[in-house]
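Have a look at the structure below before the remarks.
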Amino acid sequence: MGRWYTPTKTMILGLAVLCLGALTACVETTYTTLDGQVATTTTSAQTDPAYRMVMTPNGLRVITPEGFLIDPEQAPASANVQNMQPTTPPVIAILLPLTGTLSEIGEAMKQGAELAIKEKGIVGTFETRIYDTRSSNTGAQAAASKALQDGAKVILGPLRGEAIAPVSRLASRRRVNVVSFSNDITRATPNAYVMGITPEAVTKRVLEYSARRGQRRIAVVAPSDTYGRAAADAANGLADYVGAQIVFTENYPADANDRPGRTAVAQSVGDRSSTFDAIYLPDTAEAGDMASLLYFYGVNPQRVRFLGVPIWDQQANQLISEQALLGAVYASPAERGFAAFQASFKGAFGASPHPLSSVSYDGVAMVLEIAGRTPNPTFSNAELERPQGFEGVDGPFALRFDKRVERGMAIKRISSVGLELVEDAPLSLYRSTTTSMTIQAQPGAGSNIGTSTVTQSPNSTATYTTTRVTQTQVYAPQGDGGWIGTGENRVWVPADS
């Protein structure tokens, strides 16, 4: 068995061996997780390309290995269309709170999911079914049970973090993976991913930016709520990895009416303001109030930069009036793809998307991509944990082996005239790496070739690096020749002589 590697944006320089028969590949993937740990996984796959027959509302169609839908008569003779049977599309279950206290959010997420189905799905490769969780844990459990009875191969949702455990327990009995829309990383289970915009992803991006700008000594001042504690924990866990130093961590009352408690913390932080260059304020509710107190007690925003969180996008009108927050920066979903998404959403539904509409859109688009390119997908860990991740409206994202999400995010700044985009999200989650590729072909009928050769590829450097990857998905053509690889990682192989 051969081992092969290839980084993103890098063209393999050559291929030394061509063989008849199918390529058997052993893929070893190495990447750095959100907590800075290096993980390696190895998977084996028979990666022959294949044509597939699917049933569509317009009759039978054939899907090419590249993912195009064509009429059967357009397929080449080698596809052997006459002997094909239509594949059964996998059932994709989407669990959303369509009634109850979260129904408004659930409806907005349903619209995001519907838009993804319209724009990203290949007809005949999937069947989506949406189930109402009724904004409760018991409702989510009932929805999951019905979805599994209906044969769901993967479950997207629920939204509420506390509903993940009962849903994942039911799904695990059928060996079905769950991709929740929650951002509560503590709720991840062995078969349930957390793909929301998590405090970890936000914290990593904004601390990395601060450290890169030379403001490495960071004070963490966080509210005593779930998000604030998670962000503070993430900052302390990730600081060394991104080149920052957490000078100290303080928690203040999340209730803005607790003036004595907030004032005491602000005064204590102000007394130590000479010890830090930046202050991380992961407050999703009353950031302006606490920033004002910190300013009053000696934290000078002309010397100390405030760092914040994505919800500041929605609070811009209030925050730009706070003198302390002028010049503050925060991590935010990508701008690059969001404008097009927003226009499509508004055209389809007559209103602007909710912030979580893009999360449901990206989740559905991800599983539709898997369904479109994989015959009989099971949405296994290997299929979901694709090392290079997936493109998303909110920026590139990748599900990792620890069931957390890694995201590429933008950086914005608060100014006197509004919000300014400082850095958009990266195009990719790849880190620069030097890699090699070894392929071993299994001899086919009439072939006496069975050797392997290593091909070296040069370094590639991304503008923003979060993940070290050696990876992915190429196939060796049969004797007719053709392309090996995908996208910019392709090499043309001539036909066997």
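The values are calculated or read from the model by the stated rules, or taken from the named source; none is laboratory data. The model shown is predicted, which means the values in this text are computed figures rather than measured ones. A quick note on method: Cβ atoms are made from the backbone with ideal geometry, for glycine too, and the neighbour counts reach across all protein chains shown.
The criterion of being surrounded by fewer than 17 Cβ atoms within 10 Å (Cβ to Cβ), at pLDDT 95 or above, assigned to a loop (DSSP other than H, G, I, E, B) and among the hydroxyl-bearing types (Ser, Thr, Tyr) holds for Thr101.
Suppose we filter Arg373, Arg305 for residues that are of a type in the set (Lys, Arg) and in contact with a strand residue (DSSP E or B) (Cβ under 7 Å, 6 or more places away or on another chain); which single one remains? Give the derivation first.
Details: Arg373 fails: in contact with a strand residue (DSSP E or B) (Cβ under 7 Å, 6 or more places away or on another chain).
From the options Arg373, Arg305, the qualifying one is Arg305.
Take Tyr252 and decide whether it is touching a residue at least 24 places away in the same chain (Cβ under 8 Å) and in contact with a strand residue (DSSP E or B) (Cβ under 8 Å, 6 or more places away or on another chain). Against the criterion (touching a residue at least 24 places away in the same chain (Cβ under 8 Å) and in contact with a strand residue (DSSP E or B) (Cβ under 8 Å, 6 or more places away or on another chain)), Tyr252 qualifies.
Quick check: is even one residue across region 208-227 in a helix (DSSP H, G or I), charged (D, E, K, R) and within 25 Å of Leu294 (Cβ to Cβ)? Yes, region 208-227 contains at least one residue that is in a helix (DSSP H, G or I), charged (D, E, K, R) and within 25 Å of Leu294 (Cβ to Cβ).
Would you check if there is a residue in region 277-284 being closer than 30 Å to Asp394 by Cα and assigned to a helix (DSSP H, G or I)? Checked region 277-284: no residue is closer than 30 Å to Asp394 by Cα and assigned to a helix (DSSP H, G or I). For region 191-236, a residue qualifies if it is free of Cβ contacts under 8 Å to residues at least 24 places away in the same chain and either under 18 Å from Ile311 (Cβ atoms) or within 14 Å of the chain's Cα centre (by Cα) (or both), and exactly one does: Arg229.
Residues satisfying the criterion are absent from region 287-300 (criterion: of a type in the set (Val, Ile, Thr), over 20 Å from Ser416 (Cα atoms) and touching a helix residue (DSSP H, G or I) at 6+ places or on another chain (Cβ under 9 Å)).
Being of a type in the set (Ser, Thr, Tyr) and loosely packed, with under 14 Cβ neighbours inside 10 Å is the filter; apply it to region 258-279 and report the residue that is farthest from the chain's Cα centre (by Cα).
Start the filter on region 258-279 by keeping residues that are of a type in the set (Ser, Thr, Tyr), which leaves 263, 268, 273-275.
Then keep just the ones that are loosely packed, with under 14 Cβ neighbours inside 10 Å; that gives 274-275.
On the way: Ser274: 38, Thr275: 35 Å.
Once the filter is applied, the top-ranked residue is Ser274.
The sole residue among Phe397, Phe349 that is in the same structural domain as Asn191 (by TED's automatic domain parsing), crowded, with 16+ Cβ neighbours inside 10 Å and more than 19 Å from Ser182 (Cα to Cα) is Phe349.
Mind counting the residues in region 286-334 that are among the polar types (S, T, N, Q) and crowded, with 23+ Cβ neighbours inside 10 Å? First the steps, then the outcome.
In the first step, residues of region 286-334 are kept if they are among the polar types (S, T, N, Q); the result is 292, 300, 302, 314-315, 317-318, 321, 323, 332.
Next, only the ones that are crowded, with 23+ Cβ neighbours inside 10 Å stay: 332.
Residues flagged as among the polar types (S, T, N, Q) and crowded, with 23+ Cβ neighbours inside 10 Å within region 286-334 amount to 1.
Within region 387-410, can you find the residues that are over 26 Å from Gln111 (Cα atoms) and not hydrophobic (A, V, I, L, M, F, W, C)? Hits for region 387-410 are Pro387, Gln388, Arg400, Asp402.
Restricting attention to region 114-149, and to residues there that are acidic (Asp, Glu) and within 20 Å of the chain's Cα centre (by Cα), which single residue is surrounded by the most Cβ atoms within 10 Å (Cβ to Cβ)? First the steps, then the outcome.
Quick first cut of region 114-149, residues acidic (Asp, Glu) only: 114, 119, 127, 132.
If we keep only those that are within 20 Å of the chain's Cα centre (by Cα) too, we end up with 114, 119.
On the way: Glu114: 20, Glu119: 15.
This residue is Glu114.
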